[in-house]
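Down below is the structure, laid out as structure tokens.
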Amino acid sequence: MRTRRQPSLTLRSTLAFSLVAMLTVAGAGVYLYESMKASLLQRSDHAVLGRLDHFRKLLHYDLTLDKLQSSPQIFENMLDSEDDIFIIAEPGQTPVIMVNPLQAELPPLPVTAEGMRADAASLRTGMAPSGVPLRAATVQTSSGGRAVNLTAAHIMVKEMSLLADFRQRIYLAVALAFLITALLGFVLLRRGLRPLREMAAHAADISPERLESRMRSENTPVELQQLSDAYNAMLDRLADGYLRLTQFSADLAHEIRTPVGSLMGHCQVALRQVRSADEYQALLASNLEELERISRIVESILFLARADETQAVLQRQPLCVHDEMQRVAEYFEGLAEERQIRLLISGDATLSADPLLLRRALSNLVANAIRYADHGSEVLIGVTTAQAHCRIEVENQGPVLSDSALSKLFDRFYRGDASRHQSSDSNGLGLAIVAAIMQLHGAEASVVQPRPGYIRFALSFPMA
Ligand SMILES: Nc1ncnc2c1ncn2[C@@H]1O[C@H](COP(=O)(O)OP(=O)(O)OP(=O)(O)O)[C@@H](O)[C@H]1O
Ligand SMILES: [Mg+2]
């Protein structure tokens, strides 16, 4: 099943940034719009109240109602626009002056009595026929002894169109904020994420032949540094593993090739002419020996490969080391006698280990000691316990080895020059198996030359 593709990080981040920018601009816009609306309303209210105050004084002190009635056009000229309404009337009578060019209907208005100041509370909101709101108030005064009601109103046409215009600008600003942030964010993010793309390109370029190439980290931002470091470290491990694998398979092919070649050679020679039954029997016996050797190599390699893979299941149990050493020595008695070598055993300890594996490690060491010791010398097999460690040692006299040779003894397929020429029985795997067994036990195998001409192998087990 194909997994749904996630939207790109660039797209998601850009959208998020743009939304934030848009919301910020919209918030600022709403705030400014509301402030502007409040101040426009206040100005319009002041104008209405100011006009009422002005005409109240005019009618009270200078202009009588009769004079006004006879020439109303004086008054009409005093108002500046058709958005203003002004009505002068005696209470309950038809108005003396009625300026209402848009025929707006006024809401019921409270009358502010003579001598009282009209303020914002006296104003009422109504609606002009065009749907535009208006603000109106009525005050009373007296002109020549007669009570007069003055009503003034302002239809907020200009204010509303100003606000509508402002709204349009805010919408535009919000849209622009979204677009500009999206565009800039996209460009910047793409630049910022370039190291990631480089990493992907680099990874795509990696192949077994090009495992040594590494990501350069100078231009990597701090956030990606960790990833790039981990990636490089992974390549290091892969390259190392791959190298070992290549080396291992090359060695393996090489090791198997020789015995197989010799097997084929023997058979070809034998087939050239008719042989006697004895000759065939000898050939089969020699072939069997070769095959046994191949089988040993394969078994050893298999063992090492398995030990590498995981912590193989160890069947630990308490062991008497003296008994184990005795057992191995008895097994090699015949071989030792052949080379006139004496096996000397010393010490005792109890150790928790896998008996089969311990025997195998010990056998490999003792077999080596007998094989490589000088003719007629002694092999010391001993165990000591000290500082929470149990140490099994196998020492023999033998060739003097250089430090570099000594450090390679535990490597797979490493064979000393002597053994290489000496016998076809040497595979260079015995000590590698010892090292692997020690690793499985959390223990350590080491080798030293205590004196020139002596070589001592030690297995050091930590005591539980
Ligand atoms: N006790 C020893 N004295 C001297 N040289 C040794 C001793 N043990 C090992 N070596 C050297 O170390 C090499 C590696 O030993 P290792 O046991 O791994 O392989 P091997 O003995 O050659 O073959 P095999 O796989 O049959 O054990 C030997 O070839 C030998 O040169
Ligand atoms: Mg060996």
For this session: Among residues belonging to the stretch 423-452 that are within 9 Å of ligand 1 (Cβ to nearest atom) and loosely packed, with under 14 Cβ neighbours inside 10 Å, point out the one that is modelled with the highest pLDDT.
Result: D425
For this session: Answer yes if at least one residue in the stretch 219-234 is assigned to a loop (DSSP other than H, G, I, E, B), exposed (fewer than 15 other Cβ atoms within 10 Å of the Cβ) and under 20 Å from the mean Cα position of the chain (by Cα), and no otherwise.
Result: yes
Exercise. Taking the stretch 323-332, which residues are surrounded by 12 or more Cβ atoms within 10 Å (Cβ to Cβ) and either over 25 Å from F410 (Cα atoms) or touching a helix residue (DSSP H, G or I) at 6+ places or on another chain (Cβ under 8 Å) (or both)?
Worked result: E324, M325, R327, V328, A329, Y331, F332
Exercise. Could you list, in sequence order, the residues of the stretch 428-458 that are over 43 Å from the mean Cα position of the chain (by Cα) and not β-branched (V, I, T)?
Worked result: G428, G430, Q449, P450, R451, P452, G453, Y454, R456, F457, A458
Problem set entry | the stretch 243-275, residues that are surrounded by 13 or more Cβ atoms within 10 Å (Cβ to Cβ) and either at pLDDT 80 or above or among the charged types (D, E, K, R) (or both) | D251, E255, I256, T258, P259, V260, S262, L263, H266, A270, R275
For this session: State which residue pairs qualify: first residue closer than 16 Å to E333 by Cβ and inside the stretch 367-378, second residue within 8 Å of ligand 2 (Cβ to nearest atom) and assigned to a loop (DSSP other than H, G, I, E, B) in any location, beta carbons under 9 Å apart, and separation of 6 or more residues or different chains.
Result: R371/S426
Problem set entry | From A405, A373, A367, A458, residue being buried (at least 20 other Cβ atoms within 10 Å of the Cβ) and modelled with pLDDT of 90 or more | A373
Seminar exercise, completed: Scanning the stretch 325-356 for residues that are part of a helix (DSSP H, G or I), more than 16 Å from ligand 1 (Cβ to nearest atom) and of a type outside the set (S, T, N, Q) gives R327, E330, E333, G334, E337, E338, P355, L356
Seminar exercise, completed: Condition set among the polar types (S, T, N, Q) and in contact with a Lys or Arg (Cβ under 9 Å, 6 or more places away or on another chain), scope the stretch 358-416, selection nearest to ligand 1 (Cβ to nearest atom): answer is N396
Problem set entry | Tally, over the stretch 178-218, of residues that are aliphatic (A, V, I, L, M), assigned to a helix (DSSP H, G or I) and surrounded by 11 or more Cβ atoms within 10 Å (Cβ to Cβ) | 11
For this session: Take L102 and decide whether it is part of a loop (DSSP other than H, G, I, E, B) and modelled with pLDDT under 90.
Result: yes
Problem set entry | Of all residues in the stretch 376-395 being over 51 Å from the mean Cα position of the chain (by Cα) and either among the acidic types (D, E) or at positive phi (or both), the one that is surrounded by the fewest Cβ atoms within 10 Å (Cβ to Cβ) | G376
Exercise. Is there any pair with a first residue in the stretch 427-445 that is at positive phi and a second that is of a type outside the set (G, A, S) and more than 11 Å from ligand 1 (Cβ to nearest atom) whose Cβ atoms are under 7 Å apart and which are 6 or more apart or on different chains, and what are they?
Worked result: G442/P462
For this session: Just give me the residues in the stretch 114-143 being modelled with pLDDT under 85 and either within 26 Å of Q103 (Cβ to Cβ) or crowded, with 16+ Cβ neighbours inside 10 Å (or both), in sequence order.
Result: S143
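Here's the yes/no breakdown for (1) in a strand (DSSP E or B); (2) aliphatic (A, V, I, L, M); (3) under 25 Å from Q326 (Cα atoms):
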residue	(1), (2), (3)
R360	no, no, yes
N364	no, no, yes
I370	no, yes, yes
V379	yes, yes, yes
G382	yes, no, yes
L406	no, yes, no
G428	no, no, no
For this session: Please verify whether the stretch 47-61 includes one or more residues that are hydroxyl-bearing (S, T, Y), surrounded by fewer than 16 Cβ atoms within 10 Å (Cβ to Cβ) and farther than 26 Å from R191 by Cα.
Result: yes
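The values are calculated or read from the model by the stated rules, or taken from the named source; none is laboratory data. A quick note: this is a predicted structure, and the numbers were derived from the prediction, not measured. Virtual Cβ from ideal backbone geometry, glycine too; neighbours counted across all protein chains shown.
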